[in-house]
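Beneath this line is the structure, given in structure tokens, with notes to follow.
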């Protein structure tokens, strides 16, 4: 599906941290050449697009989101040539690559900021938001309340306050300055010229500040995103913009832009609330948490797509998704300390689900079948664990576990030199959980995940289809159909740990057959009466709704 | 008794909605309204049944006559008639495509004559004429047919003269724009003379929006209790399947419906005389049940005290139309929150009583008793009653969800639940006493559930 327009609407994304995937030069840190070596594996797994979190030079005080230079790569992950090599090889493997790009702010180590604070009258003097007073834009909330007390910080060098929506070491760029627009567009062009397939745009709602507003989702911000999009459409067709806006879907939908033209801002946006709702639904053994959020998710323009995920590298707290509505989540979560703790990320999928294979499969099946393009997190395909003792977000950034050998096959460096130690506990440690072992075992989670991805790719309905919640007699069974131009798939998910029956009203497909997708097993014809299915605890089915003649051969 | 009457006798005896299966009865009359269509002949018929004690009940049976047997509708074959033109086969029309299609078409055409009127509610989304009717799975006292995924037709089986509160309330709340009920799309009503020559005028069926994604509260509550009893955490709040946030929202929804009912139908007040009559009714029921179920007797004194305590409720008591038979099975969880269904009231009570104003606390008590039923019935299914830990957890589940429901209710209501507590307790005790009587006659193994509640209410006061 490489060069077709709208490829991202059907793609399976795979988030991979370059530093943690494979170390090619034995310095203890993963790099572009290492990742390049593993493209065969990723191609075999069946993913379509790699998403690389920031690889820019950075003081790494915010996981690389504190960018010190937009037009270079960090020394420890390789060179621009290495990166170009990765892109070329990835494309040869039929894989696309997108990188994180931070629009809102830079590191305070960025040359622009150094110039701005030292030479207020120089060309960069107006690149940031400076003020003599720290009382402007008082309606903008402080996002990182744990570490920051104000959005303004005093800079003794320039003798003024500077504005930052996130950490004080990440000053916000001044988008009221046209020169900033040009600088950012040039930086984007730098990567697009190298052949990058798109960007995941970080923290997009906050580009502008306006007195009397909360400084989020301002019209000027949308205007600038439209400008980026136009640049892409005019100069670099078929590249994708994926926005991260940790907001409610009804607000996020604005970042797709104009419906009439099929969207003229970002091609994709993350649908953040789906993730905690999935965990809630399985914990409550009730489909309503997830049914509800999908019901209240607005339609999106035709050329657009949601991005959905179970886990990623980032810290997603409940607070970020429950800003307004959200009494539902509060009512449910506030009472349940375990859920509250689990949702603030820092955990990988497998430990979150008590290493229960049935649940991991159920969650993955949901991820691969709900509306949106799924984003897998590296290592979750083998059920990797985490290391909560590493603190902050590093616990879920441990090296990919390739083999049971030294350093998990990630690096041949002295163990003490590794960027982060591989997980070594008896359950999730690399001796027990690794790619080599799971490749050898065709009933492993890895092989299962691959089969599911393969099945997904055979049905355009998963990526492009309408979503039809079928309800049904049993509140613990979540059933939906996806339908696209005659391709109909039916997904039945038992959110309960107990075996469950469900009666489904499938009359709209009366006379057709259900064919189970993984084994091509034909189920009875759909008649007029409710269709009875039984599922094991945390079991699920993917069915093709097939015509009688197809059914025999499916 | 004619041979068709004989056939009908057999058919009725097999129907879930026929209430007289355990009594001797005969079919004494079949009255037909003029036909809705002629090919095949479809018409509404009324079957009058008389029990040995002389009680008469009328059932509505929409009937379709086919010239030949149709094996796919074998379960709906009521009998054979021969009116001189040869044998024809009478089928219960709700099961037959031609029958349901006729009813839907009549609604869409707003058909009206002196005997039968099909009425649509303005501003609602009517189903498509092409939507196929499908019988829904068995229901207690009525028959429901789904048209596509947009509408549901509920055919009232047992009919008596007068307006049906289910139609009446749904109509008013729909017009009001309530989001707490499934909107009423239309209904049909009939006028006919019964076997005694009395002119009847009554609702016969209602069309409602079909809440496709819904499940009833009972199933959700049971899933929650099951999870608790398997997981056995220290407290119900730690169980994954905690229901309390749902219970609280259900309380809010109930309060909202009560506000809407008060607004739509007006309120009135109970004075001393009315309150005394209510308490006297409770006391009388207690005496009746205590005679039949001896296990109640030891607690009768305590329960009486609870009832007497309700006499001290500050007067006047505001009353208005209520649901009348509210329990978890009368609630639907949809993707847009909780809805209440079935506003018929307790079918066993006379129509006039069901349409009378009553205290909203009767509904509240119905729901809190239902929480207890959910918890204890799941508890019973987990085996013998000597596992104290399970019993304790089930009780804790009831208490937690009762509180959450009351919290949600109080948030949405002007009623002061603190002042009203004695009356609420009395309604709960009355309901439990009624349940003891009902279970003893119908499901003896479940008698322990309300009996336990009676005991608790009698001793905790």
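The values are calculated or read from the model by the stated rules, or taken from the named source; none is laboratory data. Keep in mind it's a predicted model, so treat the numbers as computed, not measured. Every residue, glycine among them, receives a Cβ derived from its backbone with ideal geometry; neighbour counts consider all protein chains shown.
Considering (1) away from every other protein chain (no Cβ under 14 Å); (2) within 25 Å of the chain's Cα centre (by Cα), the lone condition that residue A:487 does not fulfil carries the number (2). In this structure, does residue A:311 turn out to be surrounded by 23 or more Cβ atoms within 10 Å (Cβ to Cβ) and either more than 30 Å from residue A:193 (Cα to Cα) or within 14 Å of chain B (Cβ to nearest Cβ) (or both)? Considered against the rule, which asks whether it is surrounded by 23 or more Cβ atoms within 10 Å (Cβ to Cβ) and either more than 30 Å from residue A:193 (Cα to Cα) or within 14 Å of chain B (Cβ to nearest Cβ) (or both), residue A:311 comes out as yes.
Within the range B:348-359, is there a residue that is more than 15 Å from residue B:427 (Cβ to Cβ) and within 14 Å of chain A (Cβ to nearest Cβ)? Within the range B:348-359, none of the residues are more than 15 Å from residue B:427 (Cβ to Cβ) and within 14 Å of chain A (Cβ to nearest Cβ).
Scan the range A:7-25 and give yes if some residue there is surrounded by fewer than 21 Cβ atoms within 10 Å (Cβ to Cβ), within 30 Å of residue A:110 (Cα to Cα) and over 21 Å from the mean Cα position of the chain (by Cα), otherwise no. Yes; the residues of the range A:7-25 include at least one that is surrounded by fewer than 21 Cβ atoms within 10 Å (Cβ to Cβ), within 30 Å of residue A:110 (Cα to Cα) and over 21 Å from the mean Cα position of the chain (by Cα). The strands (runs of 3 or more DSSP E) found entirely in the range A:142-251 that carry 3 or more residues being over 30 Å from residue A:85 (Cβ atoms) and at pLDDT 95 or above are A:152-155, A:160-163. Show the residue pairs that are 6+ apart or on different chains and have beta-carbon atoms under 6 Å apart, the first residue being within the range B:270-293 and free of Cβ contacts under 8 Å to residues at least 24 places away in the same chain, the second being buried (at least 17 other Cβ atoms within 10 Å of the Cβ). Listed pairs, sorted by first residue: B:290/B:296; B:290/B:300.
Put simply, of B:453, B:420, B:410 the only residue that is under 20 Å from residue B:291 (Cα atoms) and touching a residue at least 12 places away in the same chain (Cβ under 8 Å) is B:453.
Would you pick out the residues in the range B:105-137 that are touching a strand residue (DSSP E or B) at 6+ places or on another chain (Cβ under 9 Å), surrounded by fewer than 16 Cβ atoms within 10 Å (Cβ to Cβ) and within 18 Å of residue B:175 (Cβ to Cβ)? Across the range B:105-137, the qualifying residues are B:110, B:125.
Within the range B:231-252, being surrounded by fewer than 24 Cβ atoms within 10 Å (Cβ to Cβ), assigned to a helix (DSSP H, G or I) and more than 10 Å from chain A (Cβ to nearest Cβ) holds for one residue alone: B:252.
Matching residues to (1) assigned to a loop (DSSP other than H, G, I, E, B); (2) within 14 Å of chain A (Cβ to nearest Cβ); (3) out of contact with any helix residue (DSSP H, G or I) (no Cβ under 7 Å at 6 or more places or on another chain):
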{"site": "B:290", "(1), (2), (3)": "no, no, no"}
{"site": "B:314", "(1), (2), (3)": "yes, no, yes"}
{"site": "B:329", "(1), (2), (3)": "no, yes, no"}
{"site": "B:345", "(1), (2), (3)": "yes, no, no"}
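Look at residue A:463 and say whether it is buried (at least 21 other Cβ atoms within 10 Å of the Cβ), touching a residue at least 24 places away in the same chain (Cβ under 8 Å) and in contact with a strand residue (DSSP E or B) (Cβ under 6 Å, 6 or more places away or on another chain). Judged against the criteria, residue A:463 is not a match. Taking the listed residues B:319, B:289, B:279, B:306, the one that is closer than 25 Å to residue B:397 by Cα and crowded, with 18+ Cβ neighbours inside 10 Å is B:306, with no other qualifying. Set side by side, the residues A:471, A:385, A:391 differ, and just one is away from chain B (no Cβ under 14 Å) and in contact (Cβ under 8 Å) with a residue 24 or more places away in the chain, which is A:385. If you take the residues of the range A:283-300 that are touching a strand residue (DSSP E or B) at 6+ places or on another chain (Cβ under 9 Å), more than 7 Å from every other protein chain (Cβ to nearest Cβ) and part of a loop (DSSP other than H, G, I, E, B), which of them is surrounded by the most Cβ atoms within 10 Å (Cβ to Cβ)? If we take residues in the range A:283-300 being touching a strand residue (DSSP E or B) at 6+ places or on another chain (Cβ under 9 Å), more than 7 Å from every other protein chain (Cβ to nearest Cβ) and part of a loop (DSSP other than H, G, I, E, B), then A:287 is surrounded by the most Cβ atoms within 10 Å (Cβ to Cβ). When the range A:420-460 is filtered for residues that are free of Cβ contacts under 8 Å to residues at least 12 places away in the same chain and part of a helix (DSSP H, G or I), the ones remaining, listed by number, are A:439, A:440, A:447, A:458.
Of the strands (runs of 3 or more DSSP E) lying entirely inside the range B:127-179, those carrying at least 3 residues that are farther than 23 Å from residue B:337 by Cα are B:133-135, B:142-147.
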